[in-house]
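**Q** Just passing along the structure, written as structure tokens.
The values are calculated or read from the model by the stated rules, or taken from the named source; none is laboratory data. The structure presented is a predicted model; accordingly, all values stated were derived computationally and were not measured. No Cβ is skipped: glycine too gets one built from the backbone with ideal geometry, and neighbour counts run over all protein chains shown. Note: areas computed on protein heavy atoms with side chains; ligands, DNA, RNA excluded. Shrake-Rupley method; radii C 1.70, N 1.55, O 1.52, S 1.80 Å.
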Amino acid sequence: RWRYPVVIQLRGDTTNIKSSSIKPSVYKLPGGSYRLQIDAFLGDSFKAKNLKDELLHLLLAEIILKSNPDMQSLSKKKILPDWLRIGLAEAIEYRKDRESVMLFSSIFKQGKVMSINQIFESEIQDMNSISEAVYRTSCCGLILALLSQQDGPDKLRKYISSFAVHKGPSIDLLE
């Protein structure tokens, strides 16, 4: 059940804005409630995938806030690490899109999957398109492996809920 609203505001005119930005925000409201918001400015470079990624990001923030309503530090841009956000987004695509399954399978068959340590240490902004595809597939594989464990979905939900308050490396929490 969702406790806090997620607001999406689309602004701009695609004919006069050259750049596009998508800004997620978490606002603490009086009474201890929260509002999660995405401000998307439409422009020539607007990509629906970026909006979808940020929406997933805020839905994960809602899970964290529901379990930890006294959080103080969720206003930062990255609430969760890239591997987790990307892995979840890719797992959703994997389950609904045949093309994603084919890319996933080809990367796995070639043995180009990253280790867990490589996934945790990688920075997506430093990657070229090929290494990013391998990274995205590796993150997806890790999420699918976690979900396939006994009580996997519940354990992943608990991991996400406790990630923001965990002190120390995220791999320790994952174990």
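**Q** Could you pull out every residue, at least 5 positions away or on a different chain, whose amide H is within less than 5 Å of the one on residue 21? Hs are placed 1.01 Å off N in the peptide plane, and Pro or chain starts have none.
**A** Distant-sequence amide H within range of residue 21: 41.
**Q** Relative contact order of the range 105-158, please, whole-number percent, based on alpha carbon pairs below 8 angstrom and at least 6 residues apart.
**A** 32 percent
**Q** 222 nm [θ] for the chain, helices only, -39500 (n - 2.57) per DSSP H run of 4+, per residue, to 500?
**A** It lands at -16500 deg cm²/dmol.
**Q** Hey, if we sort 105, 25 by accessible area with the 1.4 Å probe, largest down, what's the order?
**A** Largest accessible area first, the list is 105, 25.
**Q** OK, next. Using Cα-Cα distances under 8 Å and only pairs 6 or more residues apart, what relative contact order does the chain have, in percent?
**A** So the answer I get is 19 percent.
**Q** So, one more: Which residue fluctuates the most in the chain, going by a Gaussian network model with Cα springs under 10 Å, if the choices are 31, 152, 43?
**A** In the Gaussian network model the winner is 31.
**Q** Ordering 29, 144 by accessible area with a probe of 1.4 Å, largest first, what comes out?
**A** In descending accessible area the options line up as 29, 144.
**Q** Please list, ordered by chain and number, the residues whose modelled amide H lies under 5 Å from the amide H of residue 114; skip anything fewer than 5 residues away on the same chain.
**A** It is 138, by chain and number.
**Q** List the pairs from 96/158; 66/109; 49/109; 47/167; 23/109 whose alpha-carbon separation is above 32 Å, in the order I gave them.
**A** Long pairs (Cα-Cα over 32 Å): 66/109; 47/167; 23/109.
**Q** Rg and Dmax in Å for the range 21-175, alpha carbons only: what are they?
**A** Looking at the range 21-175, its Cα Rg and Dmax stand at 16.3, 53 Å.
**Q** How many Å² of accessible area per residue for the chain, probe 1.4 Å?
**A** 60 Å²
**Q** Which one of 102, 40, 91 has its Cα pushed farthest toward the positive end of the charge dipole of the chain, where Lys and Arg give +1 and Asp and Glu give -1 at the Cβ?
**A** Projecting each Cα onto the dipole axis, the largest value belongs to 40.
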